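Only one structure is covered here, and it is reproduced in the block below.
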Amino acid sequence: QVQLVESGGGLKQPGGSLRLSCAASGNIFNIYTMNWYRQAPGKQRELIATRTSAGSTTYADSVKGRFTISRVNAQNTVYLQMNALKPEETAVYYCSLRQGGVDDWGQGTQVTVSS
């Protein structure tokens, strides 16, 4: 069992920056993938950033160049640095951990981009 707790959401003006955190605890294997998703009202959940345990990262085209996923190994914490935020990126942001074919999810953190 893995527990994931997101934090760092809030209200930001367009063009602003925000850093989300995802603290992972529990039975974490050596090989896994950490993901950040978001879900806007009335829309499907969207995968926006991925980081493997080997350190490879991938991003959705919509966030490439503006968002960065990173990890602090000793703390089992994954971050999502979000820059140049847009109003349409208002959503609940979730982190997930995939290992052994199983996905565990956090509870989500609300990000609102508005002037």
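Overview of results
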quantity: Those residues of the range 4-29 which are under 17 Å from Val78 (Cα atoms), open to solvent by 60 Å² or more (accessible area, probe 1.4 Å) and at pLDDT 95 or above, in sequence order; calculated: Val5, Arg19
quantity: Number of the exception - Glu88 against (1) of a type in the set (D, E, K, R); (2) open to solvent by 50 Å² or more (accessible area, probe 1.4 Å); (3) in contact (Cβ under 8 Å) with a residue 12 or more places away in the chain; (4) farther than 16 Å from Gln110 by Cα; calculated: (4)
quantity: Test: residue in the range 103-112 that is on the phi < 0 side of the Ramachandran plot, over 12 Å from the mean Cα position of the chain (by Cα) and open to solvent by 70 Å² or more (accessible area, probe 1.4 Å); calculated: no
quantity: Selection from the range 30-55 of residues that are among the hydroxyl-bearing types (Ser, Thr, Tyr) and at pLDDT 95 or above; calculated: Tyr37, Thr50
quantity: Neighbours by Cβ (under 6 Å, 6+ apart or cross-chain): first from the range 49-64, without any contact (Cβ under 8 Å) to a residue 40 or more places away in the chain and over 14 Å from Leu80 (Cα atoms); second open to solvent by 50 Å² or more (accessible area, probe 1.4 Å) and not hydroxyl-bearing (Ser, Thr, Tyr); calculated: Ser53/Ile31
quantity: Qualifying positions in the range 30-45 - open to solvent by 40 Å² or more (accessible area, probe 1.4 Å) and over 13 Å from Leu80 (Cβ atoms); calculated: Asn30, Ile31, Gln39, Pro41, Gly42, Lys43, Gln44, Arg45
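The values are calculated or read from the model by the stated rules, or taken from the named source; none is laboratory data. Predicted model only: the values in this text are computed from it and were never measured. Virtual Cβ from ideal backbone geometry, glycine too; neighbours counted across all protein chains shown. Side chains included, ligands, DNA and RNA excluded: accessible areas come from the protein's heavy atoms. Shrake-Rupley method; radii C 1.70, N 1.55, O 1.52, S 1.80 Å.
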